[in-house]
Structures are given as C-alpha cells and as structure tokens.
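The values are calculated or read from the model by the stated rules, or taken from the named source; none is laboratory data. Given the structure is predicted, the values throughout are model-derived calculations rather than measurements. Cβ: placed from backbone, ideal geometry, glycine included. Neighbour counts: every protein chain shown. Protein only, heavy atoms only, side chains kept; ligands, DNA and RNA dropped before computing areas. Shrake-Rupley method; radii C 1.70, N 1.55, O 1.52, S 1.80 Å.
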Amino acid sequence: MNFTAILDDFQSELWHFFIPVPAAIANQFIENTDRRVVCTLKTMGDSGQSVDFQCALMPRGDGSSFINVNKKIRDKLKLKVGQQVEVFLKKDESEYGLPMPDEFREVLDSDPEGNDFFEALTPGKKRSLLYIAGQLKNVDSRISRALAIVEHLKKNEGKINFKQLGEDIKNMNSQFK
C-alpha cells in the first residue's frame, strides 16, 4: 500500500514528528491490537532517498493514525516539517516487530532461563530490549549488552527496571574492558 504524505509536528511534549496515515489505509493493517507495519519513506524526486523501518500505526483519536519519524530517519532523508514523502506500508510479519540481533539470539539460546523470562515479556517490552540490544555497531558491545540484559531479567525474575538495566549494562561493559 502506498500513498503520499507530509511530515508534520504535533508540537507536544509527548509526540513530535510524524507522518499521518488516513483511516482507510491504516484500517487495512490493524488487526485487534496488532498495529505493526514495515514502513518505507522515500523523498520525492528522481534522486529520492529511502529508508525502511518497523513501526506501529499509532491512533490519532479521529479514526486516522500516524507513524512516528525519529531524528535518525529525518536526518538520513534530510526531512523537514512540511516536506512531502512517498510512504509504502506492508504488514510486519516478523516475530518481534524488530530485528533480533544475532548476539542477543546466541545469548538467549545459551541461557534457557533467560530465554524463558524474555519470551514471557509483553511484545512492547521485548521490542524495547531488542532495540537496546541492537543499536550498537560494535559486535563486542552488542554481546556485552545482550549478556547484561539477560542477567538483568534473571536477577529481577523477568521484571525490567530500565534505570537499573542501564547500570547493569555499564557494569557489564566495564567487565569487558
């Protein structure tokens, strides 16, 4: 499904930059509480840049939806408020709604207790941890972070305290140096 839209800004403390998605289009992808899609944004013109990312169709309250567009995506596409983009959507059929970093998968596969705690989390918490685990480019850092996340889950019996998780990640990083 494709359409054109204009980057807008809610100018609120909670939400900022977004692409509006008309209800007629969004409703084709929403099934119960599943709102996950793979979005491709492409700038207009012959030399248009594009970026693919997994996201959720967020409800606006008027029947339509929106897609958050973070700074990394805006910078890559050099997007400004008011700029028109081509939007391509397809249903996200992935298991978690974000890619599973190889290092994180290896740690989970080698630790059944940690894997059980991870699999018992809500889909949103799983995505949060996948994002945290996968945002680094250095393989050793991703391994360290994956180990810290799994140890945190085990230590807290499957509960996540994000402030403490940050500390656990710092402590694990210092062990790897």
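Looking at this structure, is R127 open to solvent by 30 Å² or more (accessible area, probe 1.4 Å), in contact (Cβ under 8 Å) with a residue 40 or more places away in the chain and within 23 Å of G97 (Cβ to Cβ)? It is false that R127 is open to solvent by 30 Å² or more (accessible area, probe 1.4 Å), in contact (Cβ under 8 Å) with a residue 40 or more places away in the chain and within 23 Å of G97 (Cβ to Cβ). If you go through the stretch 86-103 and pick out every residue that is at pLDDT 95 or above and of a type in the set (A, V, I, L, M, F, W, C), you end up with 3. Evaluation of Q54 against the conditions (1) closer than 26 Å to N2 by Cβ; (2) in a helix (DSSP H, G or I); (3) polar (S, T, N, Q) shows that the sole unmet condition is (2). Of all residues in the stretch 9-45, those satisfying the criterion of being modelled with pLDDT of 90 or more and either open to solvent by 70 Å² or more (accessible area, probe 1.4 Å) or assigned to a loop (DSSP other than H, G, I, E, B) (or both) are F10, H16, P22, A24, N27, Q28, F29, I30, R35.
Sub-6 Å Cβ pairs linking a first residue in the stretch 54-70 that is at positive phi to a second residue that is of a type outside the set (F, W, Y) and open to solvent by 20 Å² or more (accessible area, probe 1.4 Å), at least 6 apart or interchain, are G63/A23, ordered by first then second residue.
Okay, residues lined up against (1) under 30 Å from I25 (Cβ atoms); (2) open to solvent by less than 70 Å² (accessible area, probe 1.4 Å); (3) touching a strand residue (DSSP E or B) at 6+ places or on another chain (Cβ under 6 Å):
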{"site": "D92", "(1), (2), (3)": "yes, yes, yes"}
{"site": "E95", "(1), (2), (3)": "yes, no, no"}
{"site": "R105", "(1), (2), (3)": "no, yes, no"}
{"site": "A120", "(1), (2), (3)": "no, no, no"}
{"site": "P123", "(1), (2), (3)": "yes, no, no"}
{"site": "L147", "(1), (2), (3)": "no, yes, no"}
{"site": "K154", "(1), (2), (3)": "no, yes, no"}
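Pairing residues of the stretch 134-158 that are on the phi > 0 side of the Ramachandran plot with residues that are part of a helix (DSSP H, G or I), at Cβ distances under 6 Å and at least 6 apart in sequence or on separate chains, gives G158/F117. So, in the stretch 130-144, exactly how many residues are of a type outside the set (A, V, I, L, M, F, W, C) and open to solvent by less than 30 Å² (accessible area, probe 1.4 Å)? Number satisfying all stated conditions: 1. For the stretch 53-70, state whether one or more residues are charged (D, E, K, R) and open to solvent by less than 50 Å² (accessible area, probe 1.4 Å). No; the residues of the stretch 53-70 include none that is charged (D, E, K, R) and open to solvent by less than 50 Å² (accessible area, probe 1.4 Å).
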